[in-house]
Amino acid sequence: LAVKNEGRVAATGVTKRGGQIFLSASGGRISSTGTLEARQADRSGGDITIDAGPEGSVEIGGEVDASGEVGTGGSVLILGREIDFLASSLILADGQADGGSVFIGGGERGESPEFHNAETVTVAEGARLSASSLASGNGGQVVLFAEDRLDFHGMVTARGGPQGGVGGFVEISGQNEI
């Protein structure tokens with residue numbers, strides 16, 4: 001085990017450089033059953049990156065929150081060879097205006113050269129992922145991708161705001177099996 005979070009990590013920006021969390025374990029294992037929370041200095045969504053490398057594994061059983069208290073939602077990027085979301089997982093990139101972005105296991109259709117694609121992604125029943133607008137704005141983007149098998153039993157949303165806005169984009173892709 002290279003990185004283990006069972007508590008609370010908060011990166012609330014007080015300068016333009018704040019609001020970022022990086023958990024990295026090249027080829028190792030990252031486990032987070034606690035809370036990761038990132039906000040920019042203006043209270044818009046922050047950026048959270050969890051990257052176990054192309055041979056590593058990630059297990060999420062807690063809250064990963066890059067939501068914006070004002071403005072747009074932030075971004076969540078989770079990469080590794082094997083990625084598992086437990087039933088208690090909550091991944092948030094919501095914003096009061098527009099929703100943010102959530103990329104799990106790779107980019108759209110697995111074609112983003114800046115991401116190494118996961119082989120397997122498992123999302124347990126009860127796990128939730130959201131990149132929605134909470135007030136007035138458009139839904140964000142949620143992508144779950146696996147080169148081999150994607151096993152999805154959770155809930156994902158990218159809704160437009162209840163006071164106006166259009167829905168966002170959701171992709172759930174397993175290249176060989178869903």
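The values are calculated or read from the model by the stated rules, or taken from the named source; none is laboratory data. Since the structure is predicted, the reported quantities are computational estimates derived from the model, not experimental observations. With ideal geometry, Cβ positions are generated from the backbone for all residues, glycine too; neighbour counts draw on all protein chains shown. The area values use the complete protein model at the heavy-atom level, side chains included, leaving out ligands, DNA and RNA. Shrake-Rupley method; radii C 1.70, N 1.55, O 1.52, S 1.80 Å.
Let a ≥ b ≥ c be the square roots of the eigenvalues of the Cα gyration tensor of the stretch 99-161; is it rounded (a/c under 1.5), or, if not, prolate (a/b larger than b/c) or oblate? Show your work: numbers first, answer last.
Numbers: a/c = 3.66, a/b = 1.47, b/c = 2.50.
In terms of gyration-tensor shape, oblate.
Mind sorting out which of [x] 140; [y] 95; [z] 166 is the real volume of the Cα convex hull per residue in Å³ computed from the coordinates?
Read-out taken from this structure: [y].
Be a star and scan the stretch 45-82 for residues whose amide nitrogen sits under 17 Å from the point 7 Å along the Cα-to-Cβ vector of residue 35.
In the stretch 45-82, the label zone of residue 35 (backbone N under 17 Å from the point 7 Å along Cα→Cβ) covers 45-48, 61-70.
Mind checking the stretch 6-106 for trypsin sites (Lys or Arg not before Pro) that DSSP puts in a loop (not H, G, I, E or B) and that have at most 10 other Cβ atoms within 10 Å?
Details: sites: 8, 16, 17, 29, 39, 43, 81; in loops: 16, 17, 43, 81.
Those satisfying the criteria are 16, 17.
Leaving ligands, DNA and RNA out of it, report the carbon-plus-sulfur percent of the accessible area of the stretch 1-146 at a 1.4 Å probe. Walk me through the numbers on the way to the answer.
Values: 2640 of 5880 Å².
Summing carbon and sulfur atoms, their accessible area is 45 percent of the total for the stretch 1-146.
Filter the GluC sites (Glu not before Pro) in the stretch 17-78 down to the DSSP loop ones having no more than 12 other Cβ atoms within 10 Å, then list what survives. Let's see the in-between values first.
Details: sites: 37, 55, 59, 63, 69; in loops: 55, 69.
In loop regions of the stretch 17-78 (DSSP not H, G, I, E or B), there are no sparsely surrounded GluC sites (Glu not before Pro).
Quick check for you: with a 1.4 Å probe and neighbouring chains kept, what is the accessible area per residue of the stretch 39-178, in Å²? Provide the component values of the computation, followed by the final result.
Values: 5580 Å² over 140 residues.
With the other protein chains kept in place, the stretch 39-178 gives 40 Å² per residue.
Please sort by residue number the GluC sites (Glu not before Pro) in the stretch 73-166 whose DSSP state is loop and whose Cβ has at most 11 other Cβ atoms within 10 Å.
Within the stretch 73-166, the qualifying GluC sites (Glu not before Pro) (loop, at most 11 other Cβ atoms within 10 Å) are 111, 114, 125.
Of the DSSP beta bridges with both residues in the stretch 112-178, give the percent that are antiparallel, rounding to the nearest 5.
Values: 1 of 15 bridges.
About 5 percent, rounded to the nearest 5.
May I ask you to derive the relative contact order of the stretch 65-178, considering only C-alpha pairs under 8 Å and at least 6 residues apart, and to give it as an integer percent?
26 percent
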